[in-house]
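Okay, so here's the structure we're looking at.
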There are 2 protein chains.
Amino acid sequence: MSAVREKANRRISAIQSLLCVGLDSDPQKVPDVFSCLPDPVPAFNRSVIRATKGSAVAYKINTAFYEARGLPGLGDMERTLGEIPGECMVIADAKRADIGNTSRMYARAFFEHWPFDAVTVAPYMGFDSLEPFFAYTEKLVFVLCLTSNGGSRDFEEQRLLDGRPLYEAVLEKVDAWQREGNGGVVIGATKSTLLGELRRKAPTLFFLVPGVGAQGGSLEDAVRAGVDAQGGGAVINVSRSLIYPSGSFSSIEDYEAAVAAESKKIHDTMKLVLQGIGAGGA
Amino acid sequence: MSAVREKANRRISAIQSLLCVGLDSDPQKVPDVFSCLPDPVPAFNRSVIRATKGSAVAYKINTAFYEARGLPGLGDMERTLGEIPGECMVIADAKRADIGNTSRMYARAFFEHWPFDAVTVAPYMGFDSLEPFFAYTEKLVFVLCLTSNGGSRDFEEQRLLDGRPLYEAVLEKVDAWQREGNGGVVIGATKSTLLGELRRKAPTLFFLVPGVGAQGGSLEDAVRAGVDAQGGGAVINVSRSLIYPSGSFSSIEDYEAAVAAESKKIHDTMKLVLQGIGAGGA
């Protein structure tokens with residue numbers, strides 16, 4: 001059984017939360033109290049982690065936001081990796097995948113060179129492009145399935161000859177290809193009815209659910225529809241609406257207090273729903 | 001009209017070649033004459049470029065091979081970028097794409113922070129995940145369409161309700177979404193009959209054709225089927241079979257001579273086919 005999966009479920013059960021904090025940290029968006037520092041992004045991330053660590057099950061690093069600044073940006077990513085508490089799952093939101101010998105290199109990057117617990121990957125190229133990730137049986141591999149953006153209609157929701165939408169074919173394949181419980185899928189919260197349907201079709205896959213907050217999905221619905229029968233097996237990502245609260249801040253402590261309050265609010269909601277469905281009990 | 005497309009077509013016409021040299025440079029695979037140096041990968045890439053530059057239309061940097069070693073690897077990538085002759089197109093084989101605000105960051109990474117001419121992207125998430133790349137009208141954007149690996153059967157070749165395979169739907173969308181001639185597709189050479197069919201369906205898209213050499217596609221067929229009516233609009237990538245010639249080398253000059261000979265052989269074949277179909281004339 002995937003050790004990362006066990007770690008995540010242990011944390012969900014211990015704190016009754018599904019919160020994944022998305023570190024989509026953009027130097028142009030960090031509050032002024034950080035942008036005046038010599039290393040604004042690592043300082044900002046440190047504050048986000050400090051403010052959320054009591055409520056977070058996972059942290060998701062969106063590699064694009066670091067790669068956009070090349071080596072200095074990726075250096076910031078490395079420094080942030082060292083700040084995340086060991087009991088939280090660390091996800092590389094990288095959406096990689098290529099032919100086998102190339103995917104092996106990407107898997108090496110995120111699972112060996114950098115100490116991520118999980119990675120997001122894209123399914124288009126099929127089995128041999130994903131297998132090198134699934135080969136890491138102790139990790140979690142989240143395959144894009146049904147995403148929260150409008151463009152999901154272009155291909156993901158197209159129906160195949162047998163009537164199933166493409167995303168369902170992806171779900172079924174991932175369920176078949178995963179190894180020792182290391183399979184996961186990305187399913188947007190903006191489609192919570194479908195989220196519930198897909199949960200019934202794949203009761204044991206781990207779900208990474210983006211799209212609440214700035215993208216508009218309902219948090220309660222996402223918790224209810226996303227969890228597995230044991231009240232675990234899912235994390236719900238919140239990025240922009242949590243890490244960029246409105247208002248201006250006179251100090252780092254001020255900023256952290258605002259993020260901690262929002263984080264607690266999300267955690268309280270999650271706790272209530274989880275307890276309501278009688279799940280996730282420690 | 002995309003300036004990169006014009007540059008590539010100018011080069012194709014000038015040297016009568018479609019050769020794209022894939023820099024899939026793995027420190028564990030570079031010949032001994034490089035692995036004993038302090039910076040084996042940049043030295044190896046420098047030699048590959050020196051040996052192939054008379055025949056190359058494009059160089060393709062497979063980001064995975066650099067990312068696998070983290071910052072030192074990406075530092076090697078940066079050094080290599082500075083060595084590629086200006087008349088050649090430089091492709092980031094990155095296979096990225098995400099929701100819009102994230103794809104904007106990836107586009108910034110490859111088109112602004114690093115000076116690539118072109119990038120490969122994955123279509124699964126649809127229009128808004130690709131639009132931030134197409135927004136760079138002077139560049140070329142290669143969208144995965146029909147790849148050369150076995151896994152292409154899992155999703156790419158699945159038929160939609162209207163009978164078309166998914167890859168055809170991707171081809172048509174890319175043709176509609178590209179701007180000012182900056183659209184391209186990745187189509188594997190291992191399916192040369194389909195390559196010709198797709199060329200007829202999309203006469204103006206730029207084709208990036210991997211899969212000859214180590215992956216087994218025929219070079220002549222790929223040239224014949226891949227070019228547009230003007231004998232341009234396509235590059236054919238060769239990586240492993242060109243940059244890792246068999247045999248051992250007593251010096252860097254020895255290695256470069258072997259690669260130059262193989263590169264010339266490929267170039268001669270391409271020239272012959274291009275002249276045979278009366279295309280690509282300067």
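The values are calculated or read from the model by the stated rules, or taken from the named source; none is laboratory data. Since the model is a prediction, treat every value here as computed from it, not as a measurement. Virtual Cβ from ideal backbone geometry, glycine too; neighbours counted across all protein chains shown.
Tabulated values for the structure
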{"read-out": "Residue within region B:66-89 that is closer than 22 Å to A:V186 by Cα, at pLDDT 95 or above and under 17 Å from the mean Cα position of the chain (by Cα) present", "value": "no"}
{"read-out": "Filter result for B:G54 (within 11 Å of another protein chain (Cβ to nearest Cβ) and either surrounded by 20 or more Cβ atoms within 10 Å (Cβ to Cβ) or farther than 30 Å from A:S239 by Cα (or both))", "value": "no"}
{"read-out": "From B:L198, B:L208, residue being closer than 26 Å to B:V4 by Cβ and out of contact with any Leu (no Cβ under 8 Å at 6 or more places or on another chain)", "value": "B:L208"}
{"read-out": "One residue from B:S192, B:S241 being over 14 Å from the mean Cα position of the chain (by Cα), surrounded by fewer than 18 Cβ atoms within 10 Å (Cβ to Cβ), more than 27 Å from A:G151 (Cα to Cα) and in contact (Cβ under 8 Å) with a residue 24 or more places away in the chain", "value": "B:S241"}
{"read-out": "Any hit, region A:168-175, residues being in a loop (DSSP other than H, G, I, E, B) and within 10 Å of chain B (Cβ to nearest Cβ)", "value": "no"}
{"read-out": "Residue among B:A257, B:A202 that alone is modelled with pLDDT of 95 or more, among the small types (G, A, S) and surrounded by 18 or more Cβ atoms within 10 Å (Cβ to Cβ)", "value": "B:A202"}
{"read-out": "Matching residues, region A:20-43, being touching a residue at least 24 places away in the same chain (Cβ under 8 Å) and assigned to a helix (DSSP H, G or I)", "value": "A:D32, A:V33, A:F34, A:V41, A:P42, A:A43"}
{"read-out": "Breaking point among (1) in contact (Cβ under 8 Å) with a residue 24 or more places away in the chain; (2) surrounded by fewer than 21 Cβ atoms within 10 Å (Cβ to Cβ), for A:Q16", "value": "(2)"}
{"read-out": "Unmet requirement for B:G184, which otherwise passes all of (1) closer than 24 Å to A:G100 by Cβ; (2) surrounded by fewer than 19 Cβ atoms within 10 Å (Cβ to Cβ); (3) more than 11 Å from chain A (Cβ to nearest Cβ)", "value": "(2)"}
{"read-out": "Single condition B:D93 does not satisfy, out of (1) within 21 Å of B:I236 (Cα to Cα); (2) out of contact with any Lys or Arg (no Cβ under 8 Å at 6 or more places or on another chain); (3) of a type in the set (D, E)", "value": "(2)"}
{"read-out": "Qualifying position, being part of a loop (DSSP other than H, G, I, E, B) and at pLDDT 95 or above, among A:S47, A:S17", "value": "A:S17"}
{"read-out": "Single match in B:A43, B:A8, B:A58, B:A109 (criterion: out of contact with any helix residue (DSSP H, G or I) (no Cβ under 8 Å at 6 or more places or on another chain) and among the small types (G, A, S))", "value": "B:A8"}
{"read-out": "Some residue of region A:87-99 being without any contact (Cβ under 8 Å) to a residue 40 or more places away in the chain, on the phi < 0 side of the Ramachandran plot and surrounded by fewer than 18 Cβ atoms within 10 Å (Cβ to Cβ)", "value": "no"}
{"read-out": "So A:A225, is it on the phi < 0 side of the Ramachandran plot, touching a Pro at 6+ places or on another chain (Cβ under 6 Å) and of a type outside the set (S, T, Y)", "value": "no"}
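Table: residues versus (1) within 18 Å of the chain's Cα centre (by Cα); (2) crowded, with 18+ Cβ neighbours inside 10 Å; (3) farther than 26 Å from B:S148 by Cα.
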| position | (1), (2), (3) |
| --- | --- |
| A:N149 | yes, yes, yes |
| A:E156 | no, yes, no |
| A:L161 | no, no, no |
| A:A176 | no, no, no |
